[in-house]
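The values are calculated or read from the model by the stated rules, or taken from the named source; none is laboratory data. Worth saying up front: this structure is predicted, and the values here are computed from it rather than measured. Note that each Cβ is placed from the backbone with ideal geometry, even for glycine, and that neighbours are counted across all protein chains shown. Surface areas here come from the heavy atoms of the whole protein model, side chains and all, with no ligands, DNA or RNA. Shrake-Rupley method; radii C 1.70, N 1.55, O 1.52, S 1.80 Å.
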Amino acid sequence: MRVIIVGGGIAGLATAWALHKTGAQITLLEQGPLPNPLGTSVDDHRLIRYPYSTKLGFTRMVGEAYAAWAELWADLGETHYVETGTLVLGGPGNAQNAATVATLERAGLRVGADIEWLTADTLARDYPLLEEAAVADGGYRLKTGGALRCGRIVQALARHLAFIGLDIRPNTPVTAVDPTAGRVTLADGSQLSADAVVVAAGAWVTKLLPGLAARVTPSRQLIVYVAPPSETVAQWQRMPMMLSIDEGNAGFYLVPPIPGTGMKIGDHRFSRTGDPAAPRVFTAEEARAVVEQCRGQIRNLDAYRIIEPKVCFYTVEPDEAFVFHQEDKLLAVSACSGHGFKFGSVIGKAAADLLTGKRTLAEVSLWARGA
């Protein structure tokens, strides 16, 4: 089977990786360099963690993703994952956290082994960088969870695929896709055809496939790297990732400064606006507003200096599901909704299963909704 893959982010690269194992002949086209600095998949890190509110399917999918990442590390001969552990504030009296822990238990994790409820005193002792009021209601933590070094993963995977013989073409924009013919048109007017075309174009997917605009929406997101006070750096390097997300998915996530990276705060709210092709500009007020979400949770917040705000783009599905759309010789994969990178390895395997007939679209679509 000959397959053209449009998009060199994690979804496209992981699909190429999984399809290669089936014997497919693959050409991968990326509109910019690889890694593409404008791509959703490229930054210092993306988080992977088990807590997923009451979404049992996604909670179980995290285990699948860890297994697929382990398979990928073996193929690459290198690992780009740093385990930090996961910290969530709010004890068993917090209804959302109690429901999340119950879901984790249904997925096979155990309180006392994998999950530890923490009292306010324990939190204050172990995490003195947090405000007293923030830890007053307790919380829970897991040893699992950490940072996937996404930019390094994309770079290493693209290099590996080229080395083992795949046709990897950076700086090759696609301007049109013909699902019936299995054909793509390149910016220079030339055309390529194959038995199947996979479009994994991230936030640009609706530009190539306007019909998907009813299902996914580009979303401009802001992340901010901050410099903590020098005397706290060593403590932050030992901190777990932090999640502070309410039932409406508002809030922030915090990535501690793992080796070689800074400390990152991200806005979990979806803007559902913006054009991924527009200049990546931001205002000082926007950047400060992201950091201000930590007010009342991090001590001495005013001493944390903003050093690098960044704009990135997701595609968002209303239920934060991943989208697999088949039409004639076309398979479109939209694997984001703000949490796609952690599942990138296993999403690529799912796309390969679809194209090789191992799973049906109905089966994969149900799985992709976290059902």
Looking at 102, 124, 120 in this structure, which one is among the aliphatic types (A, V, I, L, M) and within 22 Å of residue 370 (Cβ to Cβ)? 102
May I ask you to verify whether residue 26 is touching an Asp or Glu at 6+ places or on another chain (Cβ under 7 Å), assigned to a strand (DSSP E or B) and at negative phi? yes
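Having 2 or more residues that are among the aromatic types (Phe, Trp, Tyr) is the bar; report the strands (runs of 3 or more DSSP E) wholly within region 214-325 that clear it.
On the way: elements: 217-227, 241-245, 251-255, 263-267, 305-316.
Qualifying strands (runs of 3 or more DSSP E): 251-255, 305-316.
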Residue 183 meets each of (1) open to solvent by less than 30 Å² (accessible area, probe 1.4 Å); (2) over 24 Å from residue 45 (Cα atoms) with one exception, condition (1)
Would you check which residues across region 354-371 are within 20 Å of residue 328 (Cα to Cα), touching a helix residue (DSSP H, G or I) at 6+ places or on another chain (Cβ under 9 Å) and touching a residue at least 12 places away in the same chain (Cβ under 8 Å) and list them? 354, 355, 356, 361, 364
Per the filter on region 296-313, residues over 16 Å from residue 255 (Cα atoms) and either in contact with a His (Cβ under 7 Å, 6 or more places away or on another chain) or without any contact (Cβ under 8 Å) to a residue 24 or more places away in the chain (or both) are 302
Residue in region 30-75 that is farthest from residue 312 (Cα to Cα), counting only those that are of a type in the set (Val, Ile, Thr) and assigned to a loop (DSSP other than H, G, I, E, B): 42
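Would you mention how many residues in region 83-94 are open to solvent by less than 40 Å² (accessible area, probe 1.4 Å) and either under 23 Å from residue 264 (Cα atoms) or in a helix (DSSP H, G or I) (or both)? Before you say what the answer is, go through the steps one by one.
Initially, region 83-94 is screened for residues open to solvent by less than 40 Å² (accessible area, probe 1.4 Å), giving 84-91.
Still in the list and also either under 23 Å from residue 264 (Cα atoms) or in a helix (DSSP H, G or I) (or both): 84-90.
Qualifying residue count for the region: 7.
Matching residues to (1) surrounded by 14 or more Cβ atoms within 10 Å (Cβ to Cβ); (2) assigned to a strand (DSSP E or B); (3) over 27 Å from the mean Cα position of the chain (by Cα):
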| residue | (1), (2), (3) |
| --- | --- |
| 117 | yes, yes, no |
| 122 | yes, no, yes |
| 125 | no, no, yes |
| 133 | no, no, yes |
| 151 | yes, no, no |
| 154 | yes, no, no |
| 160 | yes, no, no |
| 168 | yes, yes, no |
| 176 | no, yes, no |
Hits in region 262-308 (condition: open to solvent by less than 30 Å² (accessible area, probe 1.4 Å) and either within 13 Å of residue 221 (Cα to Cα) or in contact with a helix residue (DSSP H, G or I) (Cβ under 9 Å, 6 or more places away or on another chain) (or both)): 263, 265, 266, 267, 276, 287, 290, 291, 294, 298, 301, 304
Which of (1) among the polar types (S, T, N, Q); (2) buried (at least 18 other Cβ atoms within 10 Å of the Cβ); (3) in a loop (DSSP other than H, G, I, E, B) is the odd one out, the single condition residue 97 does not satisfy? (3)
Pull out all pairs, ordered by first then second residue, where Cβ-Cβ is under 6 Å, the residues are six or more apart or on different chains, the first lies in region 1-22 and is in a helix (DSSP H, G or I), and the second is modelled with pLDDT of 95 or more and of a type in the set (S, T, N, Q). 14/345
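Test of understanding: among 71, 30, which residue is under 20 Å from residue 144 (Cα atoms), of a type outside the set (S, T, N, Q) and modelled with pLDDT of 95 or more?
Only one candidate qualifies: 71.
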Matching residues, region 240-257, being at pLDDT 90 or above and over 12 Å from residue 224 (Cβ atoms): 240, 241, 242, 256, 257
Failed item in (1) charged (D, E, K, R); (2) touching a Phe, Trp or Tyr at 6+ places or on another chain (Cβ under 7 Å); (3) more than 30 Å from residue 103 (Cβ to Cβ), with residue 267 passing the rest: (3)
Quick one: what pairs do we get from region 34-51, first residue small (Gly, Ala, Ser), second modelled with pLDDT of 90 or more and outside any loop (DSSP other than H, G, I, E, B), C-beta under 7 Å, 6+ apart or different chains? 39/202; 41/10; 41/150; 41/154; 41/341
